[in-house]
Structure formats: C-alpha cells, structure tokens
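Every read-out reported here was derived from the displayed coordinates using simple, explicitly stated rules and does not represent laboratory data. All values reported here derive from a predicted model rather than from experimental measurement. Note that we place each Cβ from the backbone using ideal geometry, even for glycine, and neighbour counts take in every protein chain shown.
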Amino acid sequence: MARILVVANETIGGSSLIEAVRRHVEQGDAEFVVCVPRTRPRDGSIIYDDFVHQAAQIRVDLARKFMREQMGVEIIGEVGDPDPYTATMDAVREYSPDEIIVSTKPATVSGWLRRDLVERISDATGLPVEHVVTDLDREGLPFGVVLVVANRTASSDQLLDRLREKADEADKPQLFIVVIPQEGGQGVHAHRARGQLNQFLDRARAANLLAAGMIADPDPFIAAKNALQMFRVDEVVISTLGPERSGWLRADLIERIRKATSAPVEHVVAARETADVS
C-alpha cells in the first residue's frame, strides 16, 4: 500500500486537490497523511499559540471528515511547523511516505511558490512530488464558511437559531467557525473563553451543525481580522448583547469588521449572556 503525504493549508477542500486525491484512490490501495503547517496571524501584539494551532487543526479535521465521507478514506492528519518546508520534512521523517502532493495557490499569490517549496522538497527527499494548483477564487469550496465572532453570547438561543436558519437556507453544507476573544487576556479569562467555546460547540453539534472554533486575541477586531486572514470566509456573523450592555457595539465593532472584509457581515443581538462554565 502506497503512503501519500498531502501538504496543504488554505487550499484544503479545493476541487483540484480533491481530484488529485481521488485519482490516487481510484488507482489502487493508498493511505494518506495530511500535514497542515501553522499560519501565524499578521495582527496583534501577542501571538496566541493556541489560536494558531487550532486554526490549523480545523483544516486537518475538515480534510479527515471530507475524505472519510466523500471517498470512504481514513487519513492521518497533523499540524506542522509554521515553515512549510520544515513541516513537510518533519512529516517525511515521521511517516516515510512513498509520494508527496503539495497543494498551493496560483503562482501569482502563493508565498510557498515564491520560496520554491516544491523544488526544495523534491530535491531534499528524492520522492515523486506532485504539485496541485488550487484557485479558490475561481473554484470555490464544496462548503460555505461562516465566521462567527462571539463571547458572552456564544451559546445564546438567538445565535444558534440564526445559524440553523443559515444552514437550512444554504444550497451546500455550511461550516461555522466560531472565534471567542479571551477578554482580559490569559489565565481565568482564557478558561472562561474555553467554557464559552465548549458550550457553543456542544449546542451546535446537538443541532447537527458542522462547527469548529478557537480562542483568540482579547481584542475582538484583531481576533476577527486574524480569522479572516486564515480562512476563506463567505459570511461573518457577530453576536453581541444589546447596545445598552455591549462594549463591542460601543467600540463600533460591526462597522469596523464590515470595512475589513468584502464578505457580508450580519449582527445578531442576544437577549442575555450565557452562563460561565467553571
């Protein structure tokens, strides 16, 4: 059985990569390892390692879920070093693949190609390396991505009801990625944010929504901008309390995010905040 290492980041889920994997599946017995290098955000004075790791882990989990459901293939997935070359070489040493597939954006926008990643991997490993170009702007993804920014209202009825409506109205599966800013920074605030995230994921999955999430920068604007950098987002949903209680609204968060993205931004007002989880 051939072992094939797939190295990809933002292009996971693109049709060109899916077809390359499908072709190997149809040619005979093959097992797959997916390596997703971590991407460091551009904004914020502090890099939150959990956020960086969780963003890459979401892509790993998506690849595993998609290949299992669409092709009946179980894969191994891991989060790699921020440097794609180092991540690839680490995976080669760990899994000893027979072939490598490297998926990138087109040459005009690919940082990996500007660093000659494909040639460097080929020269260093001596393995067959297939380069797959995925143009997400042209191809799109087989699912829609909705970025959800919330904290104290993350598991409110109003937010969950609206997300269910979006899933029902859409013409393709929807992935809801929730970003929870850890208001106040590390320590107890991060613990509280983790509780809010777990509450959201529990309720979302109970409602049969495809959901993932991460703890992010304490500044909700920076948290949203970093998530917009890391994921190809079709819509943004921001959940807050009403204007008399919401610091996010007093900081004009909704309009600031609208100016930072071309994706539609929707505001959901929750009647009350959800309980903390200890």
Using the eigenvalues of the Cα gyration tensor, what equivalent ellipsoid semi-axes result for region 143-269 when each is taken as the square root of five times the eigenvalue, whole Å, largest first? 20, 17, 14
For D81 paired with A170, estimate the spin-label separation in nm (one decimal), with each label point 7 Å from Cα along the Cα-to-Cβ line. 3.5
Given R₀ = 45 Å, what would the calculated FRET efficiency be for R194 paired with S16, taking r from the Cβ atoms and rounding to 0.05? 0.80
If each Cα of region 2-138 is one equal point scatterer, what is log10 of I(q)/I(0) from the Debye formula at q = 0.10, 0.20, 0.21, 0.22 Å⁻¹? -0.30, -1.26, -1.38, -1.51
Residues H131, H191 in order from fewest to most other beta-carbon atoms within 10 Å are H191, H131
The chain, relative contact order [Cα under 8 Å, separation at least 6], %: 20
Using θ = phi - 60° and the Karplus form 6.51 cos²θ - 1.76 cosθ + 1.60, what ³J(HN,Hα) does each residue of region 131-140 get, whole Hz, x for Gly and Pro? 9, 10, 9, 10, 9, 5, 5, 8, 7, x
Zone of R162 (label point 7 Å along Cα→Cβ, backbone N under 20 Å): which residues in region 231-247? 233-247
Taking amide H atoms as placed 1.01 Å from N in the peptide plane, list the residues 5 or more away in sequence, or in a different chain, whose amide H sits under 5 Å from that of V178. V148, A212, G213, M214
Subtracting the Cα-Cα distance from 0.36 nm times the residue separation, let me have the gained length for D123 to R245 in nm, one decimal. 38.0 nm
So the compactness index of region 117-206, its C-alpha Rg divided by 2.2 N^0.38 Å, takes the value 1.60
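Just the number, please: Stokes-Einstein D of the chain in µm²/s, Kirkwood Rh from C-alpha pairs, 37 °C, 0.692 mPa s.
167
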If we sort 204-210, 168-174, 158-164 on the protection proxy, mean other Cβ atoms within 10 Å, highest first, what's the order? 158-164, 204-210, 168-174
Is it possible to state the helix-based mean residue ellipticity at 222 nm for the chain, with each DSSP H run of 4+ residues giving -39500 (n - 2.57), the sum divided by total residues, to the nearest 500 deg cm²/dmol? What is it? -13000 deg cm²/dmol
The lysines whose Cα lies under 26 Å from the Cα of K105, excluding any fewer than 8 residues away in the same chain, are K65, K172, K225, K259
Residues meeting the amide H criterion for E130 (H placed from the backbone, H to H distance under 5 Å, 5 or more places apart or on another chain) are I100, I101, V102
Explain nothing, just compute: Karplus ³J(HN,Hα) = 6.51 cos²θ - 1.76 cosθ + 1.60, θ = phi - 60°, for every residue of region 162-169 in order, whole Hz, x for Gly and Pro. 5, 5, 4, 4, 4, 5, 5, 7
³J(HN,Hα), Karplus 6.51/-1.76/1.60, whole Hz, each residue of region 121-129, x for Gly, Pro: 5, 4, 5, 6, 9, x, 8, x, 10
Give the calculated FRET efficiency between A260 and N208 to the nearest 0.05, with a Förster radius of 30 Å applied to their Cβ-Cβ distance. 0.45
